[in-house]
There are 2 protein chains.
Amino acid sequence: MDQQNDSDGFRPIDREGLVQRVARRLSKAIVTGQLAPGARLSESVVARQLGVSRAPVREAARLLETTGLVTYEPNRGFFVRGFTSRELDDLYEFRLVIETAVIRRLIRNGLGETEARLAAQIDELHRVAGPDFDMLTQVEADMQFHRLLCAGSGNPRYLAVFEQIAVETELSIMLIGQLYDDPQRLAETHVPILDALRSGDEARAVEAISYHIGEARTLVTEQFRKLESDRTE
Amino acid sequence: MDQQNDSDGFRPIDREGLVQRVARRLSKAIVTGQLAPGARLSESVVARQLGVSRAPVREAARLLETTGLVTYEPNRGFFVRGFTSRELDDLYEFRLVIETAVIRRLIRNGLGETEARLAAQIDELHRVAGPDFDMLTQVEADMQFHRLLCAGSGNPRYLAVFEQIAVETELSIMLIGQLYDDPQRLAETHVPILDALRSGDEARAVEAISYHIGEARTLVTEQFRKLESDRTE
DNA sequence: GTCAAGGAAATTGTCGACAGTCGACAGAAA
DNA sequence: TTTCTGTCGACTGTCGACAATTTCCTTGAC
């Protein structure tokens, strides 16, 4: 089952396509705020900067488009996606629908290995809440918890849509700078979800995820509305 | 405010790009069964046949990938998506989750113009159930009804994911040949949904959509399982 | 007859170039 | 001054060509 037990750890060589690498660079630049919302993403400029041709850049941009990080206007090109607080609210409502369905399935089908994975991820969340870690690492750990939820549901489709909205969620949190005053709080808010799942009580689990996402929804949209009003002034 | 009140109505000319046209041709070929599941989609062959270069074909294929009509394997290219009955079951479960959420929102926010649109679409469904119309037209009318539901929800995200799964749903129905013995039945199964929406009774509306999708789910997956066992023999 | 290795053919990955389109700005007309 | 029109630069849309990779067929050994 294990691949390559013999010899020192031969890990699959970086056979990641050029497109993927470009996409990762771009999405990192966007999520970290290096590229501001609304900014134009010129194919030729990016291509020149990364030392590749326009073709892979274009494909990477199209990739980011499906995840909602950039938008595309015919004959005008790609732009870094900007949010309105309304769109963020819609995003979180949608996330709630998806994750509620996932929770229901998890309860009905049993947790299995997911239980241990979730527990480990909560540890990880605590670990990256230290002062040495940056916001991006914490948010990624947060998303990973929810990704594990979706992955455990047994229906790959939930994971697929989650991957799409996860990037946007990540961006939304990065945009407002921080979610909670105390970084440890981010880890703690996930504990009730796992507890509820363990209890096997569907209603309780649904309530837990609703509370969790609802809290984030409130924090993000409110913070964002402030940013919006600052911008118009 | 109005653009071009004078002279006869100048509406925006059809500025559809080459990529879109290629994508439409391909997806039609797939949905009508002209391209069988599992078939390789060679970029150069398609490009030659359509009289364009590989670039737009490639982009069109990537577009179809996001809608799930084709799959992509690095360095191997694009293939017409094949389904397992399990995947179809997952698809319909997911549709149920999405549309249930949509129904709930519709009830809470009020139908508005959606009511008239849905009613008109049911008429359309009856109209295309005649002997002169083909399966594809009927299925497209069916999808349009559900598209209207999602569009009326007020959260654009539902419409976006629906567009993705609609194509797959369409394909699934086309694959099994027909859903109901009597074409008129397809139209009739949509009536209870509209009725329930009009009543404003959320539980009843959720029940209606659950029944509707559940019925389709059973028919499609059962039919498909038969096809599967035929294939293995 | 089966299997492995090697090489040829076909396909995808990437590139640079040219044509088409857009937005901005300058200049002409009112 | 204001509005419209023509021009220009920059960008995207599409293309054909080459490089890298995979696939398939041939060939040979066992």
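The values are calculated or read from the model by the stated rules, or taken from the named source; none is laboratory data. This one's a predicted model, so the numbers in the text were calculated from it and none came from an experiment. Here the Cβ positions follow ideal geometry from the backbone for every residue, glycine too, while neighbour counts run over all protein chains shown. Surface areas here come from the heavy atoms of the whole protein model, side chains and all, with no ligands, DNA or RNA. Shrake-Rupley method; radii C 1.70, N 1.55, O 1.52, S 1.80 Å.
Roughly how big is chain A's charge dipole about its Cα centre, with Cβ charges of +1 (Lys, Arg) and -1 (Asp, Glu), in debye to the nearest 20?
Dipole magnitude for chain A comes out near 1000 debye.
Label points 7 Å out from Cα along the Cβ direction at B:T32 and A:E207: separation in nm?
It is 5.6 nm.
By accessible area of protein heavy atoms, probe 1.4 Å, what ranking do B:V220, B:V206 get, highest first?
Largest accessible area first, the residues go B:V206, B:V220.
With a 1.4 Å probe on protein heavy atoms only, work out how much accessible surface A and B bury together, total over both chains, in Å² to the nearest 100.
2100
Please say if the protein assembly as shown is rounded, prolate or oblate, where rounded means a/c under 1.5 for a ≥ b ≥ c the square roots of the C-alpha gyration tensor eigenvalues, and otherwise the choice is prolate for a/b larger than b/c and oblate otherwise?
Judged from the Cα gyration tensor, the protein assembly as shown comes out rounded (a/c under 1.5).
Gain in length, A:E113 to A:R21, computed as 0.36 nm per residue apart minus the alpha-carbon separation, to one decimal in nm?
30.0 nm is the gain from fully extending A:E113 to A:R21.
Leaving out ligands and nucleic acids, note down the accessible area per residue over chain B with a 1.4 angstrom probe, in whole Å².
52
Starting from a label point 7 Å past Cα on the Cβ side, list the distances from B:A120 to the same position in the other copies, nm, shortest first.
Label-point separations across copies, in nm and ascending: 5.5.
Mean residue ellipticity at 222 nm from the helices of chain B, using -39,500 (n - 2.57) per DSSP H segment of n ≥ 4 over the full residue count, to the nearest 500 deg cm²/dmol?
It comes out at -22500 deg cm²/dmol, rounded to the nearest 500.
Place the label 7 angstrom along Cα→C-beta at B:L219 and in each other copy, then list the distances from the first to the rest in nm, shortest first.
Label point to label point, same position, other copies: 4.7 nm.
Given Cβ point charges of +1 (Lys, Arg) and -1 (Asp, Glu) and nothing else, what value in debye, to the nearest 20, does the dipole of the protein assembly as shown about its Cα centre take?
In total the dipole reaches around 1500 debye.
If I take every Cα pair under 8 Å that is 6 or more residues apart in chain A, average their sequence separation and divide by the length, what percent do I get for the relative contact order?
Rounded, it is 23 percent for chain A.
For segment A:18-80, what does the alpha-carbon gyration tensor say about shape, rounded, prolate or oblate, given a ≥ b ≥ c as the root eigenvalues, a/c under 1.5 as rounded, and a/b over b/c as prolate?
Cα axes put segment A:18-80 in the rounded bin.
May I ask you to give the percent of accessible area on the protein assembly as shown that is carbon plus sulfur, with a probe radius of 1.4 Å?
Summing carbon and sulfur atoms, their accessible area is 49 percent of the total for the protein assembly as shown.
Between segment A:139-188 and segment B:157-188, how many Å separate their Cα centres?
32
One decimal, nm, shortest first: give the distances between the label point of B:Q49 and those of the same position in the other copies, each label point 7 Å from Cα along Cα→Cβ.
Here the equivalent label points are 4.0 nm apart from this one.
Which shape class, rounded, prolate or oblate, goes with chain A when its Cα gyration tensor gives a ≥ b ≥ c as root eigenvalues, a/c under 1.5 marks rounded, and past that a/b bigger than b/c marks prolate?
Oblate shape, in that a/c is at least 1.5 and b/c is the bigger or equal ratio.
In nm, to one decimal, how far is the modelled label at A:M135 from the one at A:R76, with both set 7 Å along Cα→Cβ?
2.8
Rank these by accessible area, largest first, 1.4 Å probe: A:E43, B:E124.
Heavy-atom accessible area, descending, gives B:E124, A:E43.
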